[in-house]
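The values are calculated or read from the model by the stated rules, or taken from the named source; none is laboratory data. Worth saying up front: this structure is predicted, and the values here are computed from it rather than measured. Because the Cβ atoms are built from the backbone with ideal geometry, glycine has one as well, and the counts that use them run over all protein chains shown. Ligands, DNA and RNA are stripped out before the accessible areas are found, and what is left, the full protein with its side chains, is counted by its heavy atoms. Shrake-Rupley method; radii C 1.70, N 1.55, O 1.52, S 1.80 Å.
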Amino acid sequence: MPNMRINIGPIHPSTHGVLRVVAYVNGDTIDSVEPHIGFLHRGVEKLMETRMYMQNPSYTEKLDYVAPMGWDELYVSSVEKATGATVLENAQYARVILLEFQRIASHLLWLGTFANDLGQMFTIFMWAFRERAKVIKFLEDVSGSRMFYVNMRIGGLNGELPEDFKERAYSLLDYLSERIPKYRSLLDNNNFFVSRTKGVGVLSKEDAIAYGASGPVLRASGVEYDVRKSSPYYIYDKLKFNVPRGTHGDAFDRYRVRYDEMLESIKIIKQTLDLMPGGSVAGAKVKLIGQPAKPDPVIISRELPRGEGIIYLVPDKQKPYRIGMRSPAYINLSLLPKLAKGAKFADLFSIIGSLDVVFAEIDR
Amino acid sequence: MQEIQKEALLKTLEELKSKGYRYLKYITAVDAPDHMEVVYLLANIESNVDEVVKVSIKKSESERPSVESVMNLFPAADWYEREISEMFGIKIEGRKTRRLLLEEWNGDGFPLLKSFEWGKEYHKR
């Protein structure tokens, strides 16, 4: 049978952004796929070299519009490391709480859209978005903005926490820990969902390491690697939590890893709230930032919802000389040709969805 | 951090890989005032240790800087190498020229070089 070339995208509901995929198929079996990216490329790394340090968080936040706070915190901590600033103790706890809530919000959005793509129409989608809206409302009350928070400052946050911060966080956690376990029965017992994810897009443990897979995609293949455990930052070494792992490395395992991570995040936030010492969390005013002492490069890495984000910062006096950003979604998407080879054409969307890609971050 | 010459790149990375640094996290480049740097970030997943390898390349007027491809050792290098070759004009030796990844076309300027001028019109080659 002759080969056929099928073009998908750049605008397609299942590509979650602007991804163009060219698939060469034989019948409905995929011979090879070529992802075309770069539609959202805006030269962020170059732009950031022309701005002063604390003008840049607005750019880093737009890298990942599903979980902006992760990149925000990653960038601000790279500046903190370069200038030698320390983070207030209570602010470290507050940052962990906010980052974990952000991880839950990001995984909820992913879960809703992924299940929707695969035929679990709308129920999970509506449920996940309802829960996510509550998390985002909480983050809005803390930071002052609903989607793009820009609330990290050198040494802390942009202001003090609301007075009823702890009570509201606890009640939100109660709500989430009651709601999220209900998703399991809708997905694990759903034949459409299971048959479209089990055994689809299998990535072996060895390949996951060799091809540089990151975050939940790496852990679903059975590798126990999480920056929060391997090189703990803030207070993660004081907390008890597991690193969820998969065994088969297929799309279903990636769903289970992200699902379990949400429950682990709830555990992390609960412990952090219990341990929180109290005190100020407000960071320095923008004008009071010291200058980097040495032009030595700073490398900093964080476990973002999509995987490990790394910033390579070469500081200059007022501005970054060079800022390199390792996007976890970028390297995960580069696995697509490998995962899709030999798969059925209809499974391509299950594979793309299971990688949890965000294109603002991939194209930078 | 190891700073090496570009001739020693493959040998150094091969040694590191045999010591358990099997996970390539990131490749990036820096256009320093007097030379070009390519930075490789490796990790040993079992013992949670990171290692940074920095290659410095002399700049020359007549030739674009070049560096050996590490695809055979670390398949993860694929998109990172394509990215630095588009953004910094670094030639990756031992790889076939492929279509551009992030840019639509490559003009006579490379965006992340310090010599790249804002607002100047660069033309298709």
By residue number, the members of the stretch A:353-364 that are in contact with a helix residue (DSSP H, G or I) (Cβ under 6 Å, 6 or more places away or on another chain) and either assigned to a helix (DSSP H, G or I) or of a type in the set (D, E, K, R) (or both) are A:353, A:354, A:356, A:361, A:362, A:364
Is one or more of the residues making up the stretch B:66-77 facing chain A (nearest Cβ under 8 Å) and open to solvent by 10 Å² or more (accessible area, probe 1.4 Å)?
yes
I'd like the full set of residues that are more than 13 Å from residue A:168 (Cα to Cα), outside any loop (DSSP other than H, G, I, E, B) and open to solvent by 20 Å² or more (accessible area, probe 1.4 Å), limited to the stretch A:133-145.
A:133
Only one of B:81, B:86, B:104 is at the interface with another protein chain (Cβ under 8 Å from one of its Cβ atoms), within 23 Å of residue A:323 (Cα to Cα) and not hydrophobic (A, V, I, L, M, F, W, C). Can you tell me which?
B:104
If I filter the stretch B:56-64 for residues that are assigned to a helix (DSSP H, G or I), among the polar types (S, T, N, Q) and free of Cβ contacts under 8 Å to residues at least 24 places away in the same chain, do I get at least one hit?
no
Pick from the stretch B:71-125 the residues that are small (Gly, Ala, Ser) and within 27 Å of residue B:7 (Cα to Cα): which of them is modelled with the lowest pLDDT?
B:109
For the condition of a type in the set (S, T, N, Q), open to solvent by 40 Å² or more (accessible area, probe 1.4 Å) and more than 11 Å from chain A (Cβ to nearest Cβ), what is the one hit in B:47, B:60?
B:60
Quick test of your reading of the structure: residue B:24 fulfils all but one of (1) over 10 Å from the mean Cα position of the chain (by Cα); (2) crowded, with 19+ Cβ neighbours inside 10 Å; (3) more than 9 Å from chain A (Cβ to nearest Cβ). Name the failing condition by number.
(3)
Can you pull out every residue in the stretch A:39-59 that is assigned to a loop (DSSP other than H, G, I, E, B) and under 22 Å from residue A:16 (Cα atoms)?
A:39, A:40, A:41, A:42, A:43
Which of the residues that make up the stretch B:29-44 are within 12 Å of residue B:67 (Cα to Cα) and within 7 Å of another protein chain (Cβ to nearest Cβ)?
B:39
Apart from one, (1) among the hydrophobic types (A, V, I, L, M, F, W, C); (2) away from chain B (no Cβ under 14 Å); (3) touching an Asp or Glu at 6+ places or on another chain (Cβ under 6 Å) all hold for residue A:66; the odd one out is (3)
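So that you can scan it fast, the table gives a plain yes or no per residue for (1) open to solvent by 40 Å² or more (accessible area, probe 1.4 Å); (2) in a helix (DSSP H, G or I); (3) among the small types (Gly, Ala, Ser):
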{"site": "A:180", "(1), (2), (3)": "no, yes, no"}
{"site": "A:193", "(1), (2), (3)": "no, yes, no"}
{"site": "A:196", "(1), (2), (3)": "yes, yes, no"}
{"site": "A:199", "(1), (2), (3)": "yes, no, yes"}
{"site": "A:208", "(1), (2), (3)": "no, yes, yes"}
{"site": "A:217", "(1), (2), (3)": "no, yes, no"}
{"site": "A:224", "(1), (2), (3)": "yes, no, no"}
